[in-house]
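Have a look at the structure below, then the notes.
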Amino acid sequence: MKKLLLFFSISVFFIGRSTAQELTKERSKESFIEWNFGIAFLEDEDFVFPGTSVLWGKTYINENDLIFEYEVGFALPTLVTGKIGIGKKFNNTKVVVGIRPFPFNIYGQSSFAKGEKGYWITSLEYNPRNPTNRVSKGILNFGYRWNLDSKDKK
């Protein structure tokens, strides 16, 4: 199962990279490094479990402020993770929904509080499958994205 999830994650990364440019006719493209910290709500336990991740990703925004983004990286306690999502930009706020293949979750994410070198984000994730054996039923994350570069075609 882990090999299948890793294969899926890698496939999504490469497909997403080429598809984003073809489908979105990007107006802007941003690369970023993201650090997250959060808590997982475990199914079999009555407590929360802490976690953290560091990811690299890209965000594409088209003329209609539609967003396509993907990210991959390292996490604790899962070791590897990634996300792929679509969304909408409202002024300086980016709202994205998507999927995290491993550990499997559906998520909603929003940016807020733009900083000098990036911006803060928060996400709420839900595992729609029947979580068992210490798998989370949900995750609450907070993080910061540092802009590595940006290309704006305005």
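The values are calculated or read from the model by the stated rules, or taken from the named source; none is laboratory data. Model, not experiment: these values are computed from the prediction. Cβ sites come from the backbone with ideal geometry, for glycine too, and all protein chains shown count toward neighbours.
For the stretch 116-154, the set of residues classified as modelled with pLDDT under 80, over 17 Å from residue 50 (Cβ atoms) and either part of a loop (DSSP other than H, G, I, E, B) or in contact with a Leu (Cβ under 6 Å, 6 or more places away or on another chain) (or both) consists of 129, 130, 131, 132, 133, 153, 154, listed by residue number. Can you tell me which residues in the stretch 70-93 are more than 12 Å from residue 110 (Cα to Cα), touching a residue at least 12 places away in the same chain (Cβ under 8 Å) and not in a loop (DSSP other than H, G, I, E, B)? Listed by number, the residues that qualify are 70, 71, 72, 73, 74, 75, 76, 80, 81, 82, 83, 84.
Within the stretch 103-115, if we keep just the residues that are crowded, with 18+ Cβ neighbours inside 10 Å and modelled with pLDDT of 80 or more, the residue that is farthest from residue 82 (Cα to Cα) turns out to be 111. Per this entry, residue 60 is not counted among residues that are among the hydroxyl-bearing types (Ser, Thr, Tyr), surrounded by 15 or more Cβ atoms within 10 Å (Cβ to Cβ) and either under 20 Å from residue 144 (Cβ atoms) or in contact with a Gly (Cβ under 6 Å, 6 or more places away or on another chain) (or both). Applying the selection to the stretch 85-97, what residues are surrounded by fewer than 21 Cβ atoms within 10 Å (Cβ to Cβ) and under 12 Å from the mean Cα position of the chain (by Cα)? Across the stretch 85-97, the qualifying residues are 86, 95, 97.
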